[in-house]
Structures are given as structure tokens and as C-alpha cells.
1. Only residues that are over 15 Å from A:Asp3 (Cα atoms) and either touching a residue at least 60 places away in the same chain (Cβ under 8 Å) or not in a helix (DSSP H, G or I) (or both): list them for region A:253-271, please.
2. Among the residues in region A:274-282, are any outside any helix (DSSP H, G or I), within 13 Å of chain B (Cβ to nearest Cβ), of a type in the set (A, V, I, L, M, F, W, C) and more than 26 Å from A:Phe156 (Cβ to Cβ)?
3. Given the conditions (1) within 30 Å of B:Phe199 (Cβ to Cβ); (2) of a type outside the set (Gly, Ala, Ser); (3) exposed (fewer than 14 other Cβ atoms within 10 Å of the Cβ), report the number of the one that B:Phe53 does not fulfil.
4. Search region A:105-128 for residues being free of Cβ contacts under 8 Å to residues at least 60 places away in the same chain and on the phi > 0 side of the Ramachandran plot, and hand back the single one that is surrounded by the fewest Cβ atoms within 10 Å (Cβ to Cβ).
5. Are any of the residues in region B:246-259 over 30 Å from B:Cys156 (Cβ atoms), surrounded by fewer than 17 Cβ atoms within 10 Å (Cβ to Cβ) and out of contact with any Asp or Glu (no Cβ under 9 Å at 6 or more places or on another chain)?
6. Testing B:Ile103 on (1) modelled with pLDDT under 90; (2) assigned to a helix (DSSP H, G or I), one condition comes back false. Which one is that?
7. Only one of A:Gln268, A:Gln264 is buried (at least 19 other Cβ atoms within 10 Å of the Cβ), more than 10 Å from every other protein chain (Cβ to nearest Cβ), farther than 18 Å from A:Leu20 by Cβ and out of contact with any His (no Cβ under 7 Å at 6 or more places or on another chain); which?
8. Hey, any hits in region B:335-344 for a residue that's more than 9 Å from every other protein chain (Cβ to nearest Cβ) and out of contact with any helix residue (DSSP H, G or I) (no Cβ under 8 Å at 6 or more places or on another chain)?
Amino acid sequence: MLDFIVLFITVGIPLSSALLLASLGETVNQRSGIFNLGCEGVMSMGAFVGMMIPYMVGGSGTVPWYVNLAGLVAAAIVGALMGLLFGVVVIKFCAPQGIAGIGMQLFGMGLAGTFYRHFIGGAEGVAGINAIHIPILGDIPYLGKMLFNCNPMVYFSFLMVPVVAYILFKTPWGLRVRACGTMPRAADSMGINVARTRYQALAFGSAMAGLAGAYLSLCQAKIFTDTLVGGRGFIAVALVYFGRWSPLGVMGGALLFSLAQALQLAVQAYGLTAFPYEFLVMLPYALVIVVLIFVGKSKHVGPAMLGKPFNREMRI
Amino acid sequence: MKHFKLYYTIGVIALCVVLTLAIASLILAVLGANVLDTFWVIFCYPFTTLKNFSGVINIMTPLTIVGVGICVAYRSGIINIGGEGQMVIGLLCGIVFALYGGITGPLGLVLTLLVGMAGGALWGSLPGILKAKFGVSELLSTVMFNYIATQLYSYCLRVPLLDPAVAGGSGDPQTVKLDNSLWLPRFNELFPVDKGFRFHAGIFVALVMAVIIFLFMWKTTAGFKMRAAGASDRAARYGGISVSRYLVLAMIVSGACCGLAGTVEILGVHHRGLGNCTGGYGFSGIVVALFGGLHPLGVIPAAFFFSVISFGCSALQINKIPVPSNMIDVLQGLVILVIVAAKLIISSPYLMDRAQRRVEAMLGKKEAA
């Protein structure tokens, strides 16, 4: 039983990283009032670009660490650019954000798949970024295996929780972002450029989504496929609701969700094949729905103008 | 200047088309393909033979039905991204009924389609109820229901409905072939025409469905109330319309359409349950609905246009053009982004006013000169 729990947590924690990075980013842009349902598409592009650079340099073989780093940075930059593109549609042209997000999702996924088949093709993997063993802490029985033998990006993603919390709640920029999401009209009359702040928040959020995608292709799967992201973008958006727009809550949601996913993998690893695994795959999605039911009723502290375009010239 | 609004709308739409084509050309150029050749295959190749044309009609059939369903939901103020899941559950119910219902012949065919609709309606009603009762955003819940439906379907294919012929083998799980009499007949079997008209009769189901939904939404009280709730829920509530009830009804109708589309696809094309047989129509349907101006009758030409593109994209590789078929997703995404962005430009009176003044000033200068 102890072995099972250790396996379960060892598998679950790395699974949460991609969700955590994407939903932390989404938290920031939702706080500014932009609902980016295109997260899935941005993650796909991030996943492709992140793996493309190491692949171009060293093929499937190992590459120096800075090449992998370059892949991550490129994924973040491409993500930010896609965020700005989305921004032009929903901020400049005030398009309805839900439907524009679906467009973004199709566009990003299609583009990543098209480029992947054209430039790489076949099922070619990369060496990617491997888990590191932290010297002394990693040798602690059980705990070391669960917590101190992870991928560097896992630590980075958990480090981003306090960083994002600090940015959102302790810096002037974070205050501006929250003002634009809660009451853009007031922010505007205080001299804040609502559109610019929203662009910035969206670029940050999408850069994080790009990184999350690169985590999937470089650290977790070490390969790109059309279905690699597999709905994680949508789940990341749902987790923001779950975490009530606070980084710590989002972290809890990401952990809960990925542990539910790990349960399925652990059960399969233990050879309990008699139980239909499809129902375990369903479990996390069902969990999200149940959670959304409870969150929907409660008085949340989220951005009041989430999803509403701001237009200075519009009548109230 | 007379009719400026019409010219303005046409001008903006033309600009959108040019913009979309320009971005698409740019992507094609990056891929190193000959842009003109690629566009020729995408837009003209589907019309070169009757067989290709029939392929287009077969894609158009589910696309039209799903698009009509999405229109109903969108007009009622709820965005249904769950088309994929509703299709899956609908066709699953249809298959179960066809395999175990024991009714064959034309009656069986009609009943199977109705059961498929009921399945889709049931699955569609869930996010509607969640939104009406608990305020859960349909954008998220429908996506989650998509994944649950897909898993449920793949379980049913793998265990209870598995074809004994492939059991234990390495083939993809599938069900046994459905009874011959339940298949939707092909057009050339119904009418004495050229053998090339190979598309199945589902297209008539689709066209009838579009007309029925049009009549329902524009000529009945329930349809009017649904559209009122979608246009402004506050005003509708003030007018004594139970917004939440019509929201659920909208999702039921929308889900029924998607379920029908899935069942038609099975009875017309695959004739058995296969993995991955919804073909992304649930998402393409959104594009079609938007492109068709969110009107059931507008969906028909829009679906035709998109099935041409879709068929063309899937034929790129056969025509030795090095562009993967995923290009269709890129085009669809671009079209959505451009359409939603253009909507503001078209509907904003300020922008139109400004454009009109500029154009008139320009024309005035010319006359003066």
C-alpha cells in the first residue's frame, strides 16, 4: 500500500506542472478581464516550438542544456506573440472572447500539427530535459523519491506560484491588472491604459501557456503529437475558476487534478486491468464539473468584468 | 450616398477574405508549397470529378446538421462547444438501438435516427441544466463532457460492443456491421442517375433539419422566446420569459441536432461504430454556424463552402502538395478569428460613419478636380 501511494504521488506531482504553469498564466490574464479559451492552442504551439529547437540542433540525441533552455524561451516568446494576436482580436476589435478562444485553439493546434508534420514528421522524439537528483534530500526514503527527484521545470512551476502571487498582489502592475479586470472604467479614469495593461497581462499569460506546452514536449512526453496537449488547456482554464483566481488555489486545483490522473496511471502500472481504465480517465474531468458546480454557487472574489470587452466610447 | 451600409458591409467582408487568404498564403509560403497550386487543389479539385463532389456532400451533411444545432444554442445565448460529445453519445445510442433493437427496414432507420437525436439531446441537456441551476460556464462544462463522452464511447467499443472478429487481435476496436436495411441509401440507388453520385441520402435529412429549425426558431413562440433570451436575458426576464428554462431547451435542441449528425454519419458512411468517427465536426460546426451568419439557412451554403475546403485540404497529399491536412484547422481558426473581429467593424455605427465621411470626402475631391 505504501509503495502504491509513493508511486501515485511520484507520478502525480510532475503531471501537475503543465497545468500549473498554464493556469497561473491564465489567472493573470483573467484578472485583467480577458478570458483566454485559446490556451489549448497556445500550449500546442509552445509544445511544438519548444521541441523544435533542440531537434534542429541535435536531432534525437542529447543537446547541451542551453539549447533546451533556448527551446523553453522560444516557446514562451511564441506563446506571448500568440497572446498578442488574440489580444488584437478581443481587445482592439472587442470580439466575444469565448468564441475567439475557440478560433485561437483551432488555429494554434492546426498550425502546430501542420508545422510538425512538415518540419519533423514521423514519431521523432528528443532527449529533452531529464529529472535531476538533488544530492542529500533526494536520498531520504519515500519523501526523496516523491519530491526531490523531479524535473527542473517542476520546481520552476511551483516557484512561479509565489512569484505570480507577488506580482498580482504586491506590485503596482499587479494592482493595475486587477483594476482592469474589476472595474476598467474606473481604472481608465485614473489614467491607466486599460488596453495596454490587458495586452501585457495576456502576453504574460500566454507566455506561461507556451512554457507549459514546452514542458509537455520537452520534459514529460519528449515527443510531439497532435493530441499531446489533450485538453489540458481547457482544464487549465477551469482550474482558474476552481482556484478562485488566486495562485495558491490554482496550485491546489492542479495538484488535485493531476493526482486524480495519476490514480489511473498507478492503477494501470499495478496491472489492475480488469477495471475499465476509461472510467479512471474520465474521473478528473468529472471532478472538474463537480468542482465547478460548487464554485459557481459561491460568492467568488473573481474579476467582475471577466470576458467583457472595454470600449471607452461605449455608453454605459 | 445611398446604400452606404451595404457597400460598407461588402467591403469589410471582402477585406476579411483577402486578409484570411493573405495569412494562409504566408503560412503556405513558410511550408515551401506553391501557393497557387495549393489554392487550386483546395478550391477546385473537389469539383473535378463526381466522386470528389460526392465526397464533399458527405462532409457537408454532418457539418450542416451540427452547424444548425450550434446556431440554435448561440441564438439563445449559450455557446455549445460540446457538439463533439453530443455526436458521440448520439451515435452510441443509435448504434446500440440498431444492434439490439431488432427493428429493420425503413422504420428501423427512422427510429435509429430518432434514438440518436434523443441521446444527443440528453447529453446536451446536462451542461444546460448545470448552467441554469448552478451557473457553471457552458464553455468549460461542455468541453469536460466531450472528454467524458469520448471515454465512455471508447469503453463501449472496447468491451460491450466489440466485434468478436477483432477481439483479441491487434486491430482497432469496432462494432459489427449494422444491418444493411438500416444504412442510409446512396443517391444513385434512389434515383436513376450517374454512378458517380455516391453521396448518401443524409444530405436530405440535413436540409430538412435546417428548414425545420428555421421554422422553429422564427415562426413559433418557443423559438421567439429562445431568441429573446439570447438577445438580452434581462429584457427577456422582464418580459416574463423563464430564461433558464429556454436555455435548457436550447441545449436540448442543439444536442439533438448534434446527436442526429453523429447517427447520420454512422448510418451513411461508416455503417459500424469505429473509434474517432466524429471527425472534429463538433468544432467545425461552430465555424460553419458563425460563417453562416448564425442563421439555419445561412448554414447550408457555409457548410458547403467549408466541406469544399475540408475535402480539398485532405486531398493535398494525393496531389503531391507538401502541406499536411491539418491545414484545415488553421484555416478554420483563422476564419473564426477574422469573423469575430470583423463583426465589430460592421456593426459599429461610429466606424461606419467615419468611413462614409472619408469616402465622401474622397469622392468630393475627385469631382472638384
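The values are calculated or read from the model by the stated rules, or taken from the named source; none is laboratory data. On a predicted model such as this, the values are computed, not experimentally measured, just so you know. Glycine gets a Cβ as well: all are built from the backbone with ideal geometry, and neighbour counts include every protein chain shown.
1. Of the residues in region A:253-271, the ones over 15 Å from A:Asp3 (Cα atoms) are A:253-261, A:264.
Across region A:253-271, the qualifying residues are A:Gly253, A:Ala254, A:Leu255, A:Phe257, A:Ser258, A:Leu259, A:Gln261.
2. Looking only at region A:274-282, we keep the residues that are outside any helix (DSSP H, G or I), and these are A:274-276.
Now restrict to residues that are within 13 Å of chain B (Cβ to nearest Cβ): A:274-276.
Narrowing the set further to residues that are of a type in the set (A, V, I, L, M, F, W, C) leaves A:274-275.
In the following step, the residues that additionally are more than 26 Å from A:Phe156 (Cβ to Cβ) were identified as A:274-275.
Yes, some residue in region A:274-282 is outside any helix (DSSP H, G or I), within 13 Å of chain B (Cβ to nearest Cβ), of a type in the set (A, V, I, L, M, F, W, C) and more than 26 Å from A:Phe156 (Cβ to Cβ).
3. (3)
4. Applying the filter and picking the extreme gives A:Gly122.
5. Of the residues in region B:246-259, the ones over 30 Å from B:Cys156 (Cβ atoms) are B:246.
Retained after the next criterion (residues that are surrounded by fewer than 17 Cβ atoms within 10 Å (Cβ to Cβ)): none.
Among the residues of region B:246-259, not one is over 30 Å from B:Cys156 (Cβ atoms), surrounded by fewer than 17 Cβ atoms within 10 Å (Cβ to Cβ) and out of contact with any Asp or Glu (no Cβ under 9 Å at 6 or more places or on another chain), which makes the answer no.
6. Just one mismatch for B:Ile103, condition (2).
7. Numbers: A:Gln268 fails: buried (at least 19 other Cβ atoms within 10 Å of the Cβ).
None of the others qualify; the one that does is A:Gln264.
8. Here is the first cut: in region B:335-344, the residues more than 9 Å from every other protein chain (Cβ to nearest Cβ) are none.
Checking region B:335-344: not a single residue is more than 9 Å from every other protein chain (Cβ to nearest Cβ) and out of contact with any helix residue (DSSP H, G or I) (no Cβ under 8 Å at 6 or more places or on another chain).
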